[in-house]
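Bear in mind these aren't lab numbers, they're just calculated from the coordinates by the rules spelled out. Owing to the predicted nature of the structure, the values given are computational and were not obtained by experimental measurement. Cβ: placed from backbone, ideal geometry, glycine included. Neighbour counts: every protein chain shown.
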Amino acid sequence: QKEVEQNSGPLSVPEGAIASLNCTYSDRGSQSFFWYRQYSGKSPELIMFIYSNGDKEDGRFTAQLNKASQYVSLLIRDSQPSDSATYLCAVLTSNNDMRFGAGTRLTVKP
Amino acid sequence: SAVISQKPSRDICQRGTSLTIQCQVDSQVTMMFWYRQQPGQSLTLIATANQGSEATYESGFVIDKFPISRPNLTFSTLTVSNMSPEDSSIYLCSVAWGGSNQPQHFGDGTRLSIL
């Protein structure tokens, strides 16, 4: 079982819709969770981080964490074509190791 | 926000040679890391660069192949030694302020191709 799992996509949504990106992790002791956006040919850019169960909102982005289900998600409201990128879920494990998922490729169609 | 500079941005190297990649931050950071991202893949941690001591390597990565230096709190280098085509990848430096649970921020990466 991979430590951090994401659907590879591609996930395609129309402009203005909500994009929902999901991530599961295997280490129940993980405490810190991060979402990065990576445009093609560029390095990852931090979007959100979340440490506690529940929702955390920042502009059009909402991170959701459910530690009991070992599940973290990222919602993007009012999706724009500029949101088209690969989104990486990262989890800091109980060994203090950062583990990245393979990423979900999102396409927002005008 | 801090500026994280990586040099070179890209290089094409011959098999058997070595290349040193530099990572410079414009402010002192607690943690510095080196990752590899192979085409179409996610990020794999190579090692944590420790200031003033030997780097901590992940399973599958060894110091002889990937020697790392971190002489101070703003600078680190990663050397890819005795390169083979399998080393063709993007190498990324990341930094974090505060503890290891803090978000990491990435440099622009070095795209390395081995002929």
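Some points to look at:
- Three principal axis lengths of the stretch B:34-100 [C-alpha, angstrom, descending]: 33, 24, 20
- Sequence of A:MET98, B:MET31 once ranked by neighbouring C-beta atoms within 10 Å, starting from the fewest: B:MET31, A:MET98
- Alpha-carbon Debye profile of chain A, log10 I(q)/I(0) at 0.14, 0.15, 0.17, 0.21 Å⁻¹: -0.50, -0.57, -0.74, -1.10
- By the Cβ-Cβ criterion of under 4.7 Å, the unpaired cysteines of chain B are B:CYS13.
- Rg/Rh for the stretch A:1-41 stands at 1.02; both radii use Cα atoms, and Rh follows the Kirkwood definition.
- Chain B: proportion of alpha-carbon pairs further apart than 17 angstrom, %: 51
- Nonlocal amide H pairs with A:ALA17, under 5 Å, H built at 1.01 Å: A:SER79
- HN-Hα J in Hz across the stretch A:29-40 - Karplus 6.51, -1.76, 1.60, θ = phi - 60°, x for Gly and Pro: x, 5, 10, 10, 9, 9, 10, 10, 10, 10, 6, 4
- With a cut-off of 20 Å on the backbone N, the residues of the stretch B:91-109 near the modelled label site 7 Å out from B:LEU73 along Cα-Cβ are B:94-107.
- Whole-angstrom gap from the stretch A:1-80 to the stretch B:37-84, using each part's C-alpha centre: 27
- D by Stokes-Einstein for the protein assembly as shown, Kirkwood Rh over Cα pairs, 10 °C, 1.306 mPa s: 88 µm²/s.
- Neighbour-limited loop hits for chymotrypsin sites (Phe, Trp or Tyr not before Pro), the stretch A:14-110 (at most 15 other Cβ within 10 Å; DSSP other than H, G, I, E, B): A:TYR39, A:TYR51
- For the stretch B:9-115, trypsin sites (Lys or Arg not before Pro) are listed when DSSP marks them as loop and at most 13 other Cβ atoms sit within 10 Å of their Cβ; the list is B:ARG15.
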